[in-house]
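The values are calculated or read from the model by the stated rules, or taken from the named source; none is laboratory data. Every value quoted in this text rests on a predicted model; they were computed, and no experiment measured them. Every residue, glycine among them, receives a Cβ derived from its backbone with ideal geometry; neighbour counts consider all protein chains shown.
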Amino acid sequence: MDTINLLSGFGSSFLSYLIPFLFILTLVVFIHELGHFLVARWCGVGVKAFSIGFGPEIFGFYDRHGTRWRVAWIPLGGYVKFVDDENAASAGQTSLDELSPEDRAKSFQGKPLVQRAAIVAAGPIANFILAIVIFTFMFSVYGERITAPKVDAVSPNSAAERAGFKPGDEVVSIDGDEIDNFATMQRLVSMSPDQDLRFVVDRGGAKVELTATPERKEITDRFGNTLKIGLLGIQRSASPDDWSWERHDPATALVMAVQECYFVISRSLGYLYDVIMGREDADQLGGPIRIAQISGQVATAGFVALLNLAAIISVSIGLINLFPIPMLDGGHLLFYGIEALRGKPLSESTQEIGFRIGLAFVLMLMIFATWNDLIHLKFL
């Protein structure tokens, strides 16, 4: 009986992670590939297949243009295959001389450089658009809690106390950026450990400038995950008069959504830069297992929280795909940039070498991220 209960518990736990993970990944991948697909169709490129996932097909159908829409067993990505693609990664094309006149007219490589670049860039752009749509929906329909950025209490021997914060202070700006919500201040501080931040606070009507350095500390969140973040040592006001629930008009929500995407991009690039410079540990980099784990955890907080995570992951996927690494969309765009400068494309052998290097890099990154995932795994 204990064994049956254990297996039942494991199965339930597994599904609680798997279903939210598949929802997020399918949504993000579908929109990414749809961007490639739509722009390719607009440019007159023939599409053989639109696949969600890799490997053997689970089910699929043909549309009136002859494109095979398919769902495959390995849900770790997807692809759009054009009439002249040799493989799903678009890492090689069939020679135009080997194509029929009809297929040659619809080939990807036969299109002008601008159209090819637009088709490749459309995937990441679609990810950014998806995130903006989700964030706009959340800010306008669901709304957000606005808590005044007031200091209710200062922890003894904390970075805030050393900087000179006092109970009753209200933060006006951080490094010149206006602050109107405690959550915004908390997020900036948490992502800036060991970095000097310039605060302007309102203290009894007078503006006071303070410089504080959030301390890097290891905390455990409500899901049991260990995080390394910056802490200042101040508590928010608990007074009902200092918080409200606000829904924004669509125009304002759209602007806020764009700003939210910019924040995710800038902080992601900042983290990667700090990793390269040795100021941050790379153990926060995660792969599919970590995404599945976080998806399952966030799903317990409700569908809106899961949508928010989907938006963040969509931005991240769009950003990663723009990195100038062969095998990724950014690598293709890099080759097109070189082609524009040279007036002719790189040789097939040079591109092949680039794709091999890119594949090796992507595989090493996936192995490293998966290793990090296994180290941080909590449900084994």
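Just to be sure I understand the filter: pairs with C-beta atoms under 8 Å, separated by 6 or more residues or on different chains, first member in segment 54-69 and farther than 19 Å from residue 31 by Cα, second member not in a strand (DSSP E or B). Which pairs pass?
Pairs found: 65/41; 65/46; 66/46.
List every residue pair whose Cβ atoms sit under 8 Å apart, with the two residues 6 or more apart in sequence or on different chains, where the first one lies in segment 352-366 and is in contact (Cβ under 8 Å) with a residue 60 or more places away in the chain and the second, anywhere, is part of a helix (DSSP H, G or I).
Filtered contacts from segment 352-366: 355/331.
As an exercise: evaluate residue 21 against (1) buried (at least 20 other Cβ atoms within 10 Å of the Cβ); (2) at pLDDT below 90; (3) in contact with a strand residue (DSSP E or B) (Cβ under 7 Å, 6 or more places away or on another chain) and give the number of the one condition it does not meet.
(3)
Which condition does residue 212 not pass, out of (1) aliphatic (A, V, I, L, M); (2) surrounded by 12 or more Cβ atoms within 10 Å (Cβ to Cβ); (3) within 28 Å of residue 162 (Cα to Cα); (4) under 25 Å from the mean Cα position of the chain (by Cα), if it passes all the others?
So residue 212 meets the others, but not (4).
Could you check how many residues of segment 329-363 are farther than 20 Å from residue 77 by Cβ and among the hydrophobic types (A, V, I, L, M, F, W, C)?
Total satisfying the criteria: 7.
For segment 314-334, which positions are in a helix (DSSP H, G or I) and more than 17 Å from the chain's Cα centre (by Cα)?
If the condition is that a residue be in a helix (DSSP H, G or I) and more than 17 Å from the chain's Cα centre (by Cα), then 331, 332, 333, 334 are the ones that fit.
Could you tell me which numbered condition residue 104 fails, if it satisfies all but one of (1) surrounded by fewer than 20 Cβ atoms within 10 Å (Cβ to Cβ); (2) charged (D, E, K, R); (3) part of a helix (DSSP H, G or I); (4) touching a residue at least 24 places away in the same chain (Cβ under 8 Å)?
Exception for residue 104: condition (4).
Quick check on segment 265-287. Is at least one of its residues aliphatic (A, V, I, L, M) and at pLDDT 85 or above?
Yes, segment 265-287 has at least one match.
Suppose we keep only residues that are modelled with pLDDT under 70 and among the polar types (S, T, N, Q) within segment 83-121. Which one would you say is nearest to residue 324 (Cα to Cα)?
It comes out as 90.
So which residues in segment 157-171 are part of a loop (DSSP other than H, G, I, E, B) and either out of contact with any Leu (no Cβ under 8 Å at 6 or more places or on another chain) or surrounded by fewer than 14 Cβ atoms within 10 Å (Cβ to Cβ) (or both), if there are any at all? Please lay out each step first, then the result.
First, the residues of segment 157-171 that are part of a loop (DSSP other than H, G, I, E, B): 157-158, 164-169.
The answer is 157, 166, 167, 168, 169.
Taking the condition surrounded by fewer than 20 Cβ atoms within 10 Å (Cβ to Cβ), modelled with pLDDT under 90 and within 30 Å of residue 21 (Cα to Cα), does residue 367 pass?
In short, yes.
One residue is enough: does segment 352-365 have a residue meeting the conditions aromatic (Phe, Trp, Tyr) and part of a helix (DSSP H, G or I)?
Going residue by residue through segment 352-365, those that are aromatic (Phe, Trp, Tyr) are 355, 361.
Filter again for part of a helix (DSSP H, G or I), leaving 355, 361.
There is at least one residue in segment 352-365 that is aromatic (Phe, Trp, Tyr) and part of a helix (DSSP H, G or I).
Conditions (1) part of a helix (DSSP H, G or I); (2) of a type outside the set (Gly, Ala, Ser); (3) at pLDDT 95 or above, marked per residue:
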{"residue": "36", "(1), (2), (3)": "yes, yes, yes"}
{"residue": "40", "(1), (2), (3)": "yes, no, yes"}
{"residue": "56", "(1), (2), (3)": "no, yes, no"}
{"residue": "81", "(1), (2), (3)": "no, yes, no"}
{"residue": "123", "(1), (2), (3)": "yes, no, yes"}
{"residue": "138", "(1), (2), (3)": "yes, yes, no"}
{"residue": "141", "(1), (2), (3)": "yes, yes, no"}
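Check 292, 311 and return the single one that is at pLDDT 85 or above, crowded, with 19+ Cβ neighbours inside 10 Å and in a helix (DSSP H, G or I).
Answer to the check: 311.
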